[in-house]
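The values are calculated or read from the model by the stated rules, or taken from the named source; none is laboratory data. Remember, predicted model here, so these are calculated numbers, not experimental data. Because the Cβ atoms are built from the backbone with ideal geometry, glycine has one as well, and the counts that use them run over all protein chains shown. These accessible areas exclude ligands, DNA and RNA; they are computed on the full protein's heavy atoms, side chains included. Shrake-Rupley method; radii C 1.70, N 1.55, O 1.52, S 1.80 Å.
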Amino acid sequence: MATKTQQQKQNQEEDFQAIRKVLDGDHAAYDFLQKKYKRIIAALIRKMVQNEDDVDDLTQESFIKAYNALASFQFGYSFSAWLYRIASNTCIDFLRKKRFPTISIDKPIGNSEDNHFFEIEDKTYMPDDSVLSKEKLEALREAIENLPENYREIIKLRHEKEMDYKNIAEMLDLPLGTVKAHLFRARKLLLEELRKKIYLFKD
């Protein structure tokens, strides 16, 4: 039976293999990392941000930022800790902007049967603070403009006008579920578009 240390090493190598595949052009491998960590990243964000609309947005934003910075990831470090740091910084930036009180993130994530913790080693390596450089921001803006009109409008209302899902639904006279579905699909299209420009994110 594998020990906890062996399991951690196997888990880390699994992450490294997926990252190498993404950097080699197999972008579908990033879906594996998203599925693997989406629940615990959402749980982390939920400890800091109470509104579920914002939790959904920040979870997806964290994965997009991590994808954009993936070329700068240093093998040998924990991918999960690196991803948690990006998610945490994304939340902190959001909270500063909103001037909301922050919530402690040094507690276990989930229930008593969930062993995931928000733990980050105190090392000098940090993700690139300028994850979205001028070129990357321009690529993002271009990707948004290339979205189908209905998706583009909802993305702009949510992220530029900072409207909540309910207000967007009322303004566009759409069911709330449709707004959420459109936002999900729009973000997926954005990520696919940014994948075509991964050269912007390589050293």
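Conditions tested, residue by residue: (1) of a type in the set (S, T, N, Q); (2) assigned to a helix (DSSP H, G or I); (3) at pLDDT 85 or above.
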residue: GLU142; (1), (2), (3): no, yes, no
residue: GLU153; (1), (2), (3): no, yes, yes
residue: LYS161; (1), (2), (3): no, no, no
residue: ILE168; (1), (2), (3): no, yes, yes
residue: LEU194; (1), (2), (3): no, yes, no
residue: TYR199; (1), (2), (3): no, yes, no
residue: ASP203; (1), (2), (3): no, no, no
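Scanning the stretch 170-192 for residues that are without any contact (Cβ under 8 Å) to a residue 24 or more places away in the chain, in a helix (DSSP H, G or I) and either over 20 Å from the mean Cα position of the chain (by Cα) or buried (at least 18 other Cβ atoms within 10 Å of the Cβ) (or both) turns up GLU170, MET171, LEU172, LEU176, GLY177, THR178. Scan the stretch 118-131 and give yes if some residue there is modelled with pLDDT of 50 or more and open to solvent by 100 Å² or more (accessible area, probe 1.4 Å), otherwise no. Taking every residue of the stretch 118-131 in turn, none turns out to be modelled with pLDDT of 50 or more and open to solvent by 100 Å² or more (accessible area, probe 1.4 Å).
Residues checked against (1) among the hydrophobic types (A, V, I, L, M, F, W, C); (2) more than 19 Å from ARG187 (Cα to Cα):
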| position | (1), (2) |
| --- | --- |
| ASN11 | no, yes |
| ILE19 | yes, yes |
| ALA28 | yes, no |
| ALA42 | yes, no |
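So in the stretch 45-72, with the set limited to residues that are open to solvent by less than 10 Å² (accessible area, probe 1.4 Å) and more than 21 Å from ASP164 (Cα to Cα), which one is modelled with the lowest pLDDT? Only one residue fits best here, namely ASN68.
To keep it simple, each residue is scored yes or no on (1) under 24 Å from ILE168 (Cα atoms); (2) of a type in the set (A, V, I, L, M); (3) touching an Asp or Glu at 6+ places or on another chain (Cβ under 6 Å).
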| site | (1), (2), (3) |
| --- | --- |
| ILE41 | no, yes, no |
| ILE45 | yes, yes, no |
| ASP54 | yes, no, no |
| ASP57 | yes, no, no |
| ALA69 | no, yes, yes |
